[in-house]
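Colleague: Before I ask anything, let me first share the structure, which is written out below as structure tokens.
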Amino acid sequence: MTDSLHAQIQFNEFGLPVATAFDDIYFTNENGLAESQYVFLQHNDLPERWQTHPQSTFVIAESGFGTGLNLLATWQLFLEHAPEHLSLHFISFEKFPLQHDDLRRALAAFPQLKTLADELIAAYPSAEPGCHRRVLAQGRITLDIWVGDILTQLPLWLPHAQERVNAWYLDGFAPDKNPEMWQQPLYDAMASSAAAGCTFATFTAAGAVRRGLQQAGFAVTKAKGFGRKREMLRGTLPSNTPPEGPDHTTPITVVGGGIAAACTAVELQRAGYQVEVLTPGIADAASGNPQGAVYPLLHAQRSPLAEFFSVAFGYATHFYQQHTPAHWFPSGVVQLAYNEARQQRYQKVSAAVVDGGPGYDATTVQALDAAATQQLWPALPPYPSLYYPQGGWLRPGAVVQQLLHGVAHHSCAPLEAIEACPEGWILRTEDGQAIRRERVVLACGAGLKQLLQPFSLALQNVRGQVTQVSASKTSATCPLVVCYKGYFTPVDQGQHCVGATYARDDEDLQARATDTAENLANLIDNLAPATWPTDLTACADRVALRNTTRDHLPMVGALANNLWVIGGLGSRGFTAAPLAASALVATLAQTPLPLSANLWQRLQPQRLQADD
């Protein structure tokens, strides 16, 4: 079905991994952990530099993730020796990620790292091109794995990583085994990303590598190699003046009470900011539905929309598992090809690159025939389908409430306008209040349509009505989210959620009997010949507005000085919000982004300015 970017490996007589494409080992047969500690930690002067690091985050970049051994060695040392106030940002590039099973087998060689390795394996991303962000060690470590050729990915990463890296691990297969990587653009990118006092270390002492690093501006010296290796290289970039850091002292006000506001507040707090939330209510709009599905929006081409959701999806499931495990259910999601048009569309989405398709990884999406669909749940109709094994559902209101627990929030009437003032911004509410704040993030969903009119941004609100039905004997056995023209969730507290209507430019919040009938009719019609949907009875409805953009990508970025926005999340808000918030806060904190520069540019609110 799909093409795989995964590494092709075999295990040698010592039980250690060897890359067949490069005929090279991932780590030495003698003691791979000791080599990582000697080459990359000791020769980047770690952990000593952590004791006196002037910023709150130490940034390490690496040219080959491989088995993650360098990360684990650094992680272990960091927890043992770094000051408690210091966090670690570890950025790694990998063209051919290992399969989960191969990664687990490779790291089994290091039982002393098992606890850390288990956490890494649980968070290990799909082999989708782009940046996959994961947060480890209870928030102290941020891991960015950039999947793809490093010389292709570096220009997409570098615009937001200038002068940010404190140490480089120049790793990878040996220069004579993988000469395509060891090129001048890599060394130049290392220098461009280097912060004041940046160091590097590498296992090789090859003359071409030494000369390339020197040409990029590094002062290079030789050191004793590990074990039987005679020499290795280490060095520094002559210090420039450190860039001015971000302002962490001025509080940031987040306006909104839904998933966008909650994720933004969580990310701001983790980045060290003082945060307050202003909102009329918590999860009282589109984020307050009884159940919500989390799965990606994919296309038959690697469009910007598919690029965003293929990485946002993995971060979202990781985020909810970390922050709200009691309200997140990784059940899987199935999309039924209930007619010929859907079958053709899904065949294109699931096609391999060699067949002209996008080649999504099997851990992201799988094409199932009718028999395999029914193996997921025998009560499903015999249709082909797309299956998202890592997808699932959550309780939106409870998730938002839990995310905002511990965040200072204050009730206010809905905002009707925002105005600039000398000290920042005036937030004018419907009841006549004028709230003055210096730094503001607007994350108020459907309210953005009116608030952002002075910025000439074209947004649309879409009315959606969901219907709750009482579970029957058959429906209560549903183990996963079922999508068709609508969606049907597993039972929760005796009820299922059936949704949802999609009415553009309709902002009436009263429930309609016609919409209830439409939701039930879609379920019955799209799942025929299954008959169990006809036994379901509606017991409640809920109406809310989704804020959407014309290209269906989120709107994330700066509107003006000290004013930012996150919105336009549409029908996939719980899939999009965590990564969108992480990227927004990265720009505020002036740290490397978890998105390519091209994709970040496509999220900017200015793209939505209405034509004159």
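Colleague: Anything in the range 580-612 that is free of Cβ contacts under 8 Å to residues at least 24 places away in the same chain and of a type outside the set (S, T, N, Q)? List them, or say none.
Modeller: Hits for the range 580-612 are ASP611, ASP612.
Colleague: How many residues, within the range 299-336, are closer than 17 Å to ALA362 by Cβ, more than 13 Å from the chain's Cα centre (by Cα) and among the hydroxyl-bearing types (Ser, Thr, Tyr)?
Modeller: Residues meeting the conditions: 0.
Colleague: Report, by residue number, each residue of the range 20-42 that is at pLDDT 95 or above, more than 30 Å from the chain's Cα centre (by Cα) and open to solvent by 30 Å² or more (accessible area, probe 1.4 Å).
Modeller: TYR38, GLN42
Colleague: Looking at the range 442-452, which of its residues are open to solvent by 20 Å² or more (accessible area, probe 1.4 Å) and aliphatic (A, V, I, L, M)?
Modeller: Result: ALA446, single match.
Colleague: Still on this structure, I have one more. Could you list all residues from the range 415-434 that are open to solvent by 70 Å² or more (accessible area, probe 1.4 Å), under 18 Å from LEU448 (Cα atoms) and touching a Lys or Arg at 6+ places or on another chain (Cβ under 9 Å)?
Modeller: GLU416, GLU419
Colleague: Could you list, in sequence order, the residues of the range 181-211 that are surrounded by fewer than 21 Cβ atoms within 10 Å (Cβ to Cβ) and either acidic (Asp, Glu) or out of contact with any Asp or Glu (no Cβ under 9 Å at 6 or more places or on another chain) (or both)?
Modeller: Selection gives GLN183, GLN184, PRO185, ASP188, ALA191, GLY197, GLY207, ALA208, VAL209, ARG210, ARG211.
Colleague: A follow-up question, please. Can you find even one residue in the range 395-411 that is within 16 Å of VAL254 (Cβ to Cβ) and basic (Lys, Arg)?
Modeller: no
Colleague: In the list GLU231, GLU267, GLU276, which residue meets the criterion of being charged (D, E, K, R) and crowded, with 22+ Cβ neighbours inside 10 Å?
Modeller: None of the other options fit; the residue is GLU267.
Colleague: Tell me which residues, restricted to the range 188-203, are outside any loop (DSSP other than H, G, I, E, B), among the hydrophobic types (A, V, I, L, M, F, W, C) and in contact (Cβ under 8 Å) with a residue 40 or more places away in the chain.
Modeller: If the condition is that a residue be outside any loop (DSSP other than H, G, I, E, B), among the hydrophobic types (A, V, I, L, M, F, W, C) and in contact (Cβ under 8 Å) with a residue 40 or more places away in the chain, then MET190, ALA191, ALA194, ALA195, ALA196, PHE200, ALA201 are the ones that fit.
Colleague: Also, I was wondering about something else. Failed condition for ALA326, given (1) out of contact with any Phe, Trp or Tyr (no Cβ under 9 Å at 6 or more places or on another chain); (2) under 25 Å from ILE141 (Cβ atoms); (3) open to solvent by less than 10 Å² (accessible area, probe 1.4 Å), with all others met?
Modeller: (3)
Colleague: Is it true that some residue in the range 290-302 is out of contact with any strand residue (DSSP E or B) (no Cβ under 9 Å at 6 or more places or on another chain), outside the structural domain of GLY139 (by the TED database), at pLDDT below 95 and farther than 26 Å from ASN522 by Cα?
Modeller: For the range 290-302, residues out of contact with any strand residue (DSSP E or B) (no Cβ under 9 Å at 6 or more places or on another chain), outside the structural domain of GLY139 (by the TED database), at pLDDT below 95 and farther than 26 Å from ASN522 by Cα: present.
Colleague: Scan the range 86-108 residue by residue and report those that are assigned to a loop (DSSP other than H, G, I, E, B), modelled with pLDDT under 95 and surrounded by fewer than 20 Cβ atoms within 10 Å (Cβ to Cβ).
Modeller: GLN99, ALA108, listed by residue number.
Colleague: Of all residues being touching a His at 6+ places or on another chain (Cβ under 9 Å) and open to solvent by 30 Å² or more (accessible area, probe 1.4 Å) in the range 49-85, which is farthest from ILE121 (Cα to Cα)? Just the residue, please.
Modeller: Step by step, filter the range 49-85, then rank; the result is GLN51.
Colleague: Right, something else. If you scan the range 45-70, which residues turn out to be more than 20 Å from TRP146 (Cβ to Cβ) and either at pLDDT below 95 or out of contact with any Pro (no Cβ under 7 Å at 6 or more places or on another chain) (or both)?
Modeller: Hits for the range 45-70 are ASP45, LEU46, PRO47, GLU48, ARG49, THR52, HIS53, PRO54, GLN55, SER56.
Colleague: When you look at GLN214, is it open to solvent by 20 Å² or more (accessible area, probe 1.4 Å) and touching a residue at least 12 places away in the same chain (Cβ under 8 Å), yes or no?
Modeller: When the stated conditions are applied, GLN214 does not pass them.
Colleague: Another one. Please go through the range 180-238 and pick out each residue that is touching a Pro at 6+ places or on another chain (Cβ under 9 Å) and among the aromatic types (Phe, Trp, Tyr).
Modeller: Matches in the range 180-238: TRP182, PHE218.
Colleague: Name every residue in the range 62-116 that is in contact (Cβ under 8 Å) with a residue 60 or more places away in the chain and at positive phi, in order of residue number.
Modeller: The answer is GLY66, and nothing else.
Colleague: With the condition being among the polar types (S, T, N, Q) and open to solvent by less than 20 Å² (accessible area, probe 1.4 Å), I'd like the strands (runs of 3 or more DSSP E) fully within the range 453-547 carrying at least 3 qualifying residues.
Modeller: 460-470
Colleague: For residues that are open to solvent by 10 Å² or more (accessible area, probe 1.4 Å) and either outside the structural domain of VAL441 (by the TED database) or more than 19 Å from PRO251 (Cα to Cα) (or both), tally how many sit in the range 574-595.
Modeller: 1
Colleague: Pick out the one residue from PRO179, PRO185 that is assigned by the TED database to the domain that holds PHE96 and assigned to a helix (DSSP H, G or I).
Modeller: Among PRO179, PRO185, only PRO185 is assigned by the TED database to the domain that holds PHE96 and assigned to a helix (DSSP H, G or I).
Colleague: Only one residue in GLY225, GLY256 is in the same structural domain as HIS160 (by the TED database) and not charged (D, E, K, R). Which one?
Modeller: After ruling out the rest, the residue left standing is GLY225.
Colleague: How many residues does the range 597-612 contain that are open to solvent by 10 Å² or more (accessible area, probe 1.4 Å) and modelled with pLDDT of 95 or more?
Modeller: The total comes to 8.
Colleague: When you look at ARG439, is it at pLDDT 95 or above, more than 17 Å from PRO605 (Cβ to Cβ), of a type in the set (D, E, K, R) and crowded, with 17+ Cβ neighbours inside 10 Å, yes or no?
Modeller: Judged against the criteria, ARG439 is not a match.
Colleague: Check off (1) surrounded by fewer than 22 Cβ atoms within 10 Å (Cβ to Cβ); (2) at negative phi; (3) at pLDDT 95 or above for ALA137 and give me the number that stays unchecked.
Modeller: (2)
The values are calculated or read from the model by the stated rules, or taken from the named source; none is laboratory data. Being a predicted model, the structure only gives us computed values, none of them experimental. For neighbour counting, all protein chains shown are included, and Cβ atoms are generated from backbone atoms with ideal geometry for every residue, glycine included. In case anyone asks, the SASA skips ligands and DNA or RNA and just uses the protein heavy atoms, side chains included. Shrake-Rupley method; radii C 1.70, N 1.55, O 1.52, S 1.80 Å.
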